[in-house]
Amino acid sequence: MSTSGATLTIDLAALQVNYRLLARKAGAAECAAAIKANAYGISAADAGKALWDAGCRSFYVARPDEGGCLRKVLPEARITVLDGLYKGETKYYIAHALRPALTTVNQAGEWARLGQGMPCTLHVDTGINRAGLPARDFAIITTNAALMQNLKVETLMSHLACADDPKHKMNPEQLNRFRQLRKQLPNTRASFANSSGIFLGKAYHFNEVRPGVALYGGNPTPHKKNPMQPVAYLHARILQVRDVTKGETVGYSATWKAKRNSRIAIIAAGYADGIARKLSSSNPNGPAQVFIAGQRCPIIGRVSMDMMTIDVTDVAERKLAKSDAAELFGKNILIDEVAGWAGTISYELLTHLGRRYARVYSPTES
């Protein structure tokens, strides 16, 4: 496992399999890839190259500097910056051939003046009330002939608020609003569906879909079995196995007391590595578990900065003696399970993965 306490293995072939599954699901629509936040903690450079080899040609990042870094490894890709146009940074976008997803009238004006005719996206809000042009501002832009003449609007996009709940009333409401707004730019390519939105059906696909977390193994259909393959596997070194007697406590603040004579394993991962402290044994969603020697074992006591303690009393000693690592998530402990125990979502777990791990990237399919 190297000299690091834990190893993060990234299965790039699984990433490609996930992309191709989503592309098939999208039908005639182009399948882009959201690769923001360093590809959800996976590595934008490695994920970007693997996705390009799998057929992806359009990528979405959050910040312009993310786009600049991605451009170094994907010189021919279409890269869109979801934050829009940073004031005074137009030259950076031009130098790296980045398309801003414009979210204000002022951004549209600056790009029209200084964008040198390069393509852009108009991001219109249909109900999520985050970044995006309100309908009134969208109309101000699209009805200004002089402005539109200097804007090469390549894509019209919006973002779903509740796509992970297929029965939520906001999904059809946002779809109808997007359709109405699109009438102002009927010949412009349209992009609407995120990971979960792809599974809402063909009506949500338009010309392009933009999956994110599903590419990296997160479940886009939370109420059903996950159709995606795991991409990230996290294993932590077992530092020590020790016995505690009934009545003894383990960890900071003595939050766990042994109800029987027990055997515990100390593993080399903690909140400094991005492991949520809420996975401690006192959490109401637990008990959180790891996988050791072929079986699930509960986390006990407090997750500390560099270590966690695991109850391995029920693991056969001969099996435990042959094990030197615990799986925190991967094939046996799904990342969405861990997120549920932590009271969060897989997006947060992936993007919080620490820098101390040894990272291993498996070969791609192509």
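The values are calculated or read from the model by the stated rules, or taken from the named source; none is laboratory data. Just so you know, these numbers come straight off a predicted model, no measurement behind them. We place every Cβ from the backbone using ideal geometry, glycine too, and count neighbours over all the protein chains shown. Note: areas computed on protein heavy atoms with side chains; ligands, DNA, RNA excluded. Shrake-Rupley method; radii C 1.70, N 1.55, O 1.52, S 1.80 Å.
Below is a table of values for the structure above.
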quantity: Positions within segment 265-281 being assigned to a strand (DSSP E or B) and out of contact with any Lys or Arg (no Cβ under 7 Å at 6 or more places or on another chain), in sequence order; calculated: 265, 266
quantity: Evaluation of residue 151 against (1) touching a helix residue (DSSP H, G or I) at 6+ places or on another chain (Cβ under 7 Å); (2) open to solvent by 30 Å² or more (accessible area, probe 1.4 Å); (3) within 29 Å of residue 95 (Cβ to Cβ) (one fails), failing number; calculated: (2)
quantity: Count - residues of segment 148-185 that are touching a strand residue (DSSP E or B) at 6+ places or on another chain (Cβ under 9 Å), among the charged types (D, E, K, R) and assigned to a loop (DSSP other than H, G, I, E, B); calculated: 0
quantity: Candidate set: segment 216-256, residues that are out of contact with any strand residue (DSSP E or B) (no Cβ under 8 Å at 6 or more places or on another chain) and of a type in the set (A, V, I, L, M); chosen: the one surrounded by the most Cβ atoms within 10 Å (Cβ to Cβ); calculated: 228
quantity: The one condition in (1) more than 30 Å from residue 20 (Cα to Cα); (2) open to solvent by less than 30 Å² (accessible area, probe 1.4 Å); (3) in a strand (DSSP E or B) that residue 298 fails to fulfil; calculated: (2)
quantity: Residue among 347, 357 that alone is under 25 Å from residue 14 (Cα atoms), among the aromatic types (Phe, Trp, Tyr) and open to solvent by less than 20 Å² (accessible area, probe 1.4 Å); calculated: 357
quantity: Single residue of segment 1-28 satisfying the filter (part of a loop (DSSP other than H, G, I, E, B), open to solvent by 10 Å² or more (accessible area, probe 1.4 Å) and among the hydrophobic types (A, V, I, L, M, F, W, C)) that is nearest to residue 268 (Cα to Cα); calculated: 1
quantity: Condition broken by residue 340, with the remaining ones in (1) over 19 Å from residue 11 (Cα atoms); (2) in contact (Cβ under 8 Å) with a residue 60 or more places away in the chain satisfied; calculated: (2)
quantity: Residue in segment 307-319 that is in contact (Cβ under 8 Å) with a residue 24 or more places away in the chain, touching a strand residue (DSSP E or B) at 6+ places or on another chain (Cβ under 6 Å) and surrounded by fewer than 19 Cβ atoms within 10 Å (Cβ to Cβ) present; calculated: yes
quantity: Residue within segment 267-287 that is under 18 Å from the mean Cα position of the chain (by Cα), crowded, with 19+ Cβ neighbours inside 10 Å, aliphatic (A, V, I, L, M) and under 20 Å from residue 251 (Cβ atoms) present; calculated: yes
quantity: Considering residues of segment 186-200 that are farther than 28 Å from residue 352 by Cβ and either assigned to a helix (DSSP H, G or I) or modelled with pLDDT under 95 (or both) only, the residue most open to solvent (accessible area, probe 1.4 Å); calculated: 187
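Yes/no matrix, rows are residues, columns are (1) basic (Lys, Arg); (2) under 21 Å from residue 353 (Cα atoms); (3) in contact with a Ser or Thr (Cβ under 6 Å, 6 or more places away or on another chain):
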{"position": "283", "(1), (2), (3)": "no, yes, no"}
{"position": "286", "(1), (2), (3)": "no, yes, no"}
{"position": "289", "(1), (2), (3)": "no, yes, no"}
{"position": "292", "(1), (2), (3)": "no, yes, yes"}
{"position": "303", "(1), (2), (3)": "no, yes, yes"}
{"position": "312", "(1), (2), (3)": "no, no, no"}
